[in-house]
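Each reported figure results from applying straightforward, stated rules to the coordinates on display, with no laboratory input. Keep in mind that this is a model prediction, so the values were computed, not measured. Note that we place each Cβ from the backbone using ideal geometry, even for glycine, and neighbour counts take in every protein chain shown.
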Amino acid sequence: MDINEIIKKLESGELSVTDKSTVIKSGELVKQGGTAVDFEINHGWNPISAMNCDKKWGAFNMEMLEHIRNQNHTEEDLTIVLNELHMEDGHWDWFMKSLFTKKDEYEWFFFHADEKVQGACLIYHPKQSEIDAEEIFYIEYVAVAPWNRNNPYKEKEFSGVGSHLINCVLDHAVNALGLVYGFSLLSLPKASPYYEKIGMVNFKNKDQDPLAYYEMPREKAKEMLGVA
């Protein structure tokens with residue numbers, strides 16, 4: 001059975017998997033326009049949620065690109081529009097990532113709201129800190145749904161999903177995994193300004209062009225969670 005057959009059987013219900021995820025945080029999130037909806041952050045391996053990322057996020061990206069194509073932009077304007085898109089992670093295959101990371105050193109987190117996956121994060125632990133050699137976690141992949149990013153197709157649905165997700169992961173890493181405050185990651189070029197804004201430090205000797213290596217210092221990590 002190849003991957004496409006597995007996906008079809010999962011979608012049809014002919015093949016089922018044990019959902020090993022649990023809710024570790026819940027609350028309300030306000031949509032653009034002021035409507036409050038319930039959200040849950042689930043922790044644990046869940047290939048169905050990963051598959052939904054691929055399917056629904058990919059469909060939105062295709063609709064957005066079709067919308068841009070129909071605007072009849074000049075070549076110059078089209079270049080500007082495409083350069084402003086945040087689609088560097090559009091090729092990520094979340095389902096395949098889930099199949100190859102069902103290991104103790106990996107932890108999955110999915111942000112659910114409005115009956116959709118609004119964000120996803122995969123971490124690896126422990127990872128030695130570049131700052132003081134303590135054990136932290138490393139974010140292998142983190143992304144929010146494309147409809148939660150500024151785009152020329154539709155108004156952004158939710159703001160702050162990425163921050164909610166990373167804060168929850170950090171809290172889990174410290175209080176459930178016994179790691180110290182802090183985390184590291186390799187940033188896509190367009191995401192670097194965000195990580196610098198939240199206080200992460202670039203270690204240029206660890207960069208993997210075009211990816212920049214960042215680490216969150218202890219005190220900044222504590223500030224994220226409101227820890228004195």
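With a cap of 16 neighbouring Cβ atoms within 10 Å, and only residues DSSP puts in a loop, list the chymotrypsin sites (Phe, Trp or Tyr not before Pro) found in region 179-228.
On the way: sites: Tyr181, Phe183, Tyr194, Tyr195, Phe203, Tyr213, Tyr214; in loops: Tyr181, Phe203.
Loop-located and lightly packed - Phe203.
Most fluctuating residue of Phe60, Phe109, Phe100 in a GNM of the chain with Cα springs under 10 Å: which is it?
Phe100
Can you list residues from other chains, or at least 5 along the same chain, whose modelled amide H is less than 5 Å from the amide H of Val201?
So Val201 has HN proximity to Glu215, Met216.
Using a Gaussian network for the chain with springs between C-alpha atoms less than 10 Å apart, which of these wobbles most: Ile68, Ile166, Ile80?
Ile80
Can you tell me how region 77-155 classifies by the Cα gyration tensor, rounded, prolate or oblate, using a/c under 1.5 as the rounded cut?
Working: a/c = 2.43, a/b = 1.70, b/c = 1.43.
Since a/c reaches 1.5 and a/b is larger than b/c, the shape of region 77-155 is classed as prolate.
Packing-wise, with mean Cβ within 10 Å as the measure, how do 26-32, 118-124, 185-191 rank, highest first? Walk me through the intermediate numbers first.
Numbers: 26-32: 12.9, 118-124: 23.4, 185-191: 17.6.
Per-residue Cβ counts within 10 Å, averaged per peptide and sorted highest first, yield 118-124, 185-191, 26-32.
Of Asp89, Asp132, Asp54, which is the most mobile in a GNM of the chain whose springs link Cα atoms less than 10 angstrom apart?
Of the options given, Asp132 has the highest mean-square fluctuation.
Of Lys8/Lys127; Lys102/Lys206; Lys31/Lys127; Lys31/Lys197; Lys116/Lys206, which sit over 29 Å apart, Cα to Cα? Could the numbers behind the result be given before it?
Numbers: Lys8/Lys127 36 Å; Lys102/Lys206 26 Å; Lys31/Lys127 35 Å; Lys31/Lys197 23 Å; Lys116/Lys206 35 Å.
In this structure, Lys8/Lys127; Lys31/Lys127; Lys116/Lys206 lie more than 29 Å apart at Cα.
Take the Cα atoms of region 37-225, find their three principal axes, and give me the spread along each one in whole Å, biggest first.
Largest first, region 37-225 extends 54, 35, 31 Å along its Cα principal axes.
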